[in-house]
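Below: the structure, in structure tokens.
The values are calculated or read from the model by the stated rules, or taken from the named source; none is laboratory data. As the structure is a prediction and not an experimental result, all values here were calculated from the model. Note that each Cβ is placed from the backbone with ideal geometry, even for glycine, and that neighbours are counted across all protein chains shown.
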Amino acid sequence: MMSTHQRMKSSAEVVRAAKALVIAVAAETAVTIGHFAYGAHIYNDPGRLHVVEPALVFFVVAAAVTALFVWRPGKLVLAVLGLVVTAPYLALFGLFHGAYSHLLKDALFLAGAPDETLEWLFMSPDYVRPDDFVFEASGILGLVAAAVVGYWLLRIFRDWRRPAGDSAGASTQGGPARLVGLALRMLFDAPFKSLGTLVGVVVSVFLMSQQSSLLVGILGRVTSFVNSSGVDIWIASVATESTDATDTVPASKVGAAASTPGVAWAAPVVQGLGRVTRPDGVREYVKVLGVEPPRYAGLPRSLAPGTSPSLLRASGRLFLNWNDRKTFASAEPGDRVEIDGKASVVAGFFQGMDPHSPYYYVYANIDDARALTDFPLDRVTYVAVGVAPGHRVRDVKANLEARIPEVLVRTRDELSAMEERYFLVRTPVGVLFGLGTIVAAVIGAAIVAVTLYSTAVDRARDYGTLKAIGARQKDILQLLLVQAWIFCAVGYVLGMAAFFITKYHLPELHLVSPPQMIVGVAAAAFASCTLASLLAIRRVLLLDPAIVFRT
Amino acid sequence: MLTTFDPSIALEGRVIGRVFGRGDLAVRALYPTDVTIRRGEVLVIMGPSGSGKTTLLSILGLVLTPTEGEVLVDGRSVSRATADEMAVLRRDRVGFIFQQFNLLPSLSALENAAIPLLLSGLRRAERISRAMHALEIVGMADKRSATPRLLSGGQQQRVAIARALVNDAPVLLCDEPTASLDGATGRGILATLRELAQSGRAVAIVTHDERVLSFADRLVHVIDGRAQADEAHGHARPAETQSDDIGSSQLQETTL
């Protein structure tokens, strides 16, 4: 039998591990906050500070649950402790941020992966080229801290278990039961309920994917003006909240920027509003963007076949968005477009830019744009800046800020982030789609919870039999979790398949599928299925195996 | 307290009793009693419905914790064992045979028989080999691929016996094993249990079927929660004296 001495020793070990866990969690919190604060400073991105508050909340919760566990150890508290530590510290800060966003990014960067690949894998605005050692090292340090947290959490799980007693030679040791096959086979005992559960997961995964994809897609469209031009740094008025809410700066800033160290070129961009008359007579607002030959900085890099930037050199020409072609009666080069009573000729089309905006976008040369929108000759909206080879964007930005202090200087990623924040704050879209995603996850979890619980009730005798003939609690736990994870895995594959079918058959929805969304939905589906199985697990774990003797 | 361990006793209940509920709602299901199950014998526990015989079996089977007394397996008390330790003891030391067979419907006879081995973490090849052996012992090897719905009641009970045997458990506890079977099939099952006892296992049968009496070495009556040995029926036979009784039975091959 286990002695009292053994129990006390075990408790002391758990207390020691719990203290170490709290210290490790505090360290990871500090590393995370320090990392993001440093990032906010060097990249001039206050948005990164938004991590501070949740990180502090995570720490308080983790520390409180650890204290509760030391005070009142129990399986439920241990499970909650596992969740509040694993989700933020191991999964989010450790694996996602440390391993994925920094370790993998840096490894790919050092391996010479192209910028396009890196930007695709590590989306803006979070993505920045790994150009600061302290920032990258502190990011990876988060992974190390997470490993320490994980170690102490495992120690608690291990030490908390009572050492196996020697009651009648019984031992809980031995090979682990291999119950995956059994879990799978048991699902076929109630095929309709299993099918219902699966449908719930599929619908949930599809809705989560679709909602988050739409949001990411809209955010991508919102920032497409900034991201499609190839401009490294944008200079604008300090009174700028987004490209839809800005003022002008003196045209003299173009020269000042051009003569700044590290600047390869600087060019003016003007932006004015007009009203375009559609072929059907409807007048709508149009954003006229003027770019200067010969560089045409600010013009989207992707132009339709047959369209060349030099076509804007001649007066009275403009480029339409290829996506707006149908609205303008399938416009062709040579067609006339009237803006505020002034006629222009369609010279070509630009692509790769689909702003989520109430305005049409057209490009003209800078003189025509001024004329069309009555834009002052001595002002510009933006100074577009290209960074010279061998110079770091961050350094050049700092040079520009020092040389032209009275303007706003933003890198492409920073301006893109501003656009996103402005959009999310000024419209309900973010809240709506965020809520939609959460509701989808909750609906899926509810369906899985109800069906798994109902199945557990229906099959109480089977589970009772398993317990009676020797299934340990951890065997039952494994069995039910595996069942939940089978639903999760199959439902995820089917749900994502449905999502991708929708994406490719309905391109007008502008669904996008960045890796973060695919991984995020998988994590959400895993979490919701796992949480949903807890009710059934509790029901079965509390089941009296003596039920098998009742007829 | 130092006690002498009698190796012929496979399972022993010392002053075991059980009360369900507390306070005014407390119901005594079993008054404190001593029960032993010896290797090589069939102990029959008889009594009317609600008498407490299943409570007694549940306690002896380590499924139910007694509120009084203690259960000893191979002479060692299990009163301080954890739930998981009890589960392991049930898995390795006790084989259960139920009135309703309790086979998992989606599994074949072979897979059902192999469940205790699966819970023990054995590799697939060994599981199949040992489960096949157990099915051979009960004469069900040719039905190894059949799911329970394709088997008769007697066949299902034989698969359940194979499941109880597969871990080479020294104790078999049977709850009304013939209640769901016709007379001839029930006699066949009882004969099988008799032979298993003769091969050295301890067999306890809870029943109210009087046909079982002819297979019993000892009899315990349970009435209104009070267990009493029927001395007139007792003729305990040590396991080592029974080897000649096995005859040509397949049960000579029960080393699993």
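A few comments on the model shown:
Residues checked against (1) within 17 Å of the chain's Cα centre (by Cα); (2) of a type in the set (Lys, Arg); (3) farther than 18 Å from residue A:185 by Cβ:
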{"site": "B:102", "(1), (2), (3)": "yes, no, no"}
{"site": "B:136", "(1), (2), (3)": "no, no, yes"}
{"site": "B:139", "(1), (2), (3)": "no, no, yes"}
{"site": "B:142", "(1), (2), (3)": "no, no, yes"}
{"site": "B:151", "(1), (2), (3)": "no, no, no"}
{"site": "B:169", "(1), (2), (3)": "yes, no, yes"}
{"site": "B:183", "(1), (2), (3)": "no, no, yes"}
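- Selection count where residues are more than 8 Å from chain A (Cβ to nearest Cβ), among the hydrophobic types (A, V, I, L, M, F, W, C) and within 16 Å of residue B:31 (Cβ to Cβ), scope the range B:57-68: 2
- From the list B:54, B:82, the one residue that fits, being more than 15 Å from residue A:468 (Cβ to Cβ) and within 12 Å of chain A (Cβ to nearest Cβ), is B:82.
Condition check ((1) in the same structural domain as residue A:393 (by TED's automatic domain parsing); (2) modelled with pLDDT of 85 or more; (3) surrounded by fewer than 17 Cβ atoms within 10 Å (Cβ to Cβ); (4) touching a strand residue (DSSP E or B) at 6+ places or on another chain (Cβ under 8 Å)) across all residues:
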| residue | (1), (2), (3), (4) |
| --- | --- |
| A:21 | no, yes, no, no |
| A:37 | no, yes, yes, no |
| A:59 | no, yes, no, no |
| A:67 | no, yes, yes, no |
| A:75 | no, no, yes, no |
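- Top-ranked residue in the range B:171-198 [being among the polar types (S, T, N, Q) and in contact (Cβ under 8 Å) with a residue 60 or more places away in the chain; ranked as nearest to residue B:97 (Cα to Cα)]: B:180
- Looking at B:180, B:145, B:120, B:129, just one residue is surrounded by fewer than 23 Cβ atoms within 10 Å (Cβ to Cβ) and at the interface with another protein chain (Cβ under 8 Å from one of its Cβ atoms), and that residue is B:120.
- Elements of type strands (runs of 3 or more DSSP E) in the range A:310-403, at least 2 residues being under 20 Å from residue A:230 (Cα atoms): A:317-321, A:342-350, A:360-365, A:382-387
- Long-range neighbours under 6 Å by Cβ, at least six apart or interchain, first residue more than 20 Å from residue A:387 (Cα to Cα) and modelled with pLDDT under 95 within the range A:230-252, second of a type in the set (Phe, Trp, Tyr) and surrounded by fewer than 22 Cβ atoms within 10 Å (Cβ to Cβ): A:241/A:422; A:242/A:422
- Checking residue A:506 against (1) farther than 16 Å from residue A:204 by Cα; (2) within 19 Å of the chain's Cα centre (by Cα), the condition it does not meet: (2)
- Answer from A:537, A:547 - the residue that is under 26 Å from residue A:469 (Cα atoms) and surrounded by fewer than 17 Cβ atoms within 10 Å (Cβ to Cβ): A:547
- Verdict on residue B:110 being under 27 Å from residue A:194 (Cα atoms) and either more than 14 Å from chain A (Cβ to nearest Cβ) or crowded, with 24+ Cβ neighbours inside 10 Å (or both): no
- Residue B:71 vs. criteria under 30 Å from residue A:189 (Cβ atoms), facing chain A (nearest Cβ under 10 Å) and either over 20 Å from the mean Cα position of the chain (by Cα) or surrounded by 21 or more Cβ atoms within 10 Å (Cβ to Cβ) (or both): no
Okay, residues lined up against (1) at negative phi; (2) outside any loop (DSSP other than H, G, I, E, B); (3) at pLDDT 90 or above:
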position: A:254; (1), (2), (3): yes, yes, yes
position: A:266; (1), (2), (3): yes, yes, yes
position: A:271; (1), (2), (3): yes, yes, yes
position: A:281; (1), (2), (3): no, no, no
position: A:289; (1), (2), (3): yes, yes, yes
position: A:297; (1), (2), (3): yes, no, yes
position: A:305; (1), (2), (3): yes, no, no
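- Scanning the range B:29-48 turns up no residue that is over 19 Å from the mean Cα position of the chain (by Cα) and on the phi > 0 side of the Ramachandran plot.
- Of the helices (runs of 4 or more DSSP H) lying entirely inside the range A:405-495, the ones with 3 or more residues being more than 24 Å from the chain's Cα centre (by Cα) and surrounded by fewer than 24 Cβ atoms within 10 Å (Cβ to Cβ) are found at A:429-458, A:460-468.
- Residues in the range B:93-103 that are crowded, with 21+ Cβ neighbours inside 10 Å and facing chain A (nearest Cβ under 9 Å): B:93, B:94, B:95, B:96, B:98, B:99, B:102, B:103.
- Residue satisfying all of: in the range B:183-209; part of a loop (DSSP other than H, G, I, E, B) and touching a strand residue (DSSP E or B) at 6+ places or on another chain (Cβ under 7 Å); surrounded by the fewest Cβ atoms within 10 Å (Cβ to Cβ) among these: B:208
- Checking A:94, A:82 one by one, the residue that is at pLDDT 85 or above, surrounded by 18 or more Cβ atoms within 10 Å (Cβ to Cβ) and not basic (Lys, Arg) is A:94 and no other.
- Condition check for residue B:173: more than 21 Å from residue B:10 (Cα to Cα), under 21 Å from the mean Cα position of the chain (by Cα) and surrounded by 19 or more Cβ atoms within 10 Å (Cβ to Cβ): no
- Considering residues of the range A:342-380 that are among the hydroxyl-bearing types (Ser, Thr, Tyr) and surrounded by fewer than 20 Cβ atoms within 10 Å (Cβ to Cβ) only, the residue modelled with the highest pLDDT: A:359
- Answer from B:88, B:42 - the residue that is closer than 21 Å to residue B:167 by Cβ, buried (at least 20 other Cβ atoms within 10 Å of the Cβ) and within 14 Å of chain A (Cβ to nearest Cβ): B:88
- Residue check for residue A:114: without any contact (Cβ under 8 Å) to a residue 60 or more places away in the chain and in contact with a helix residue (DSSP H, G or I) (Cβ under 9 Å, 6 or more places away or on another chain): no
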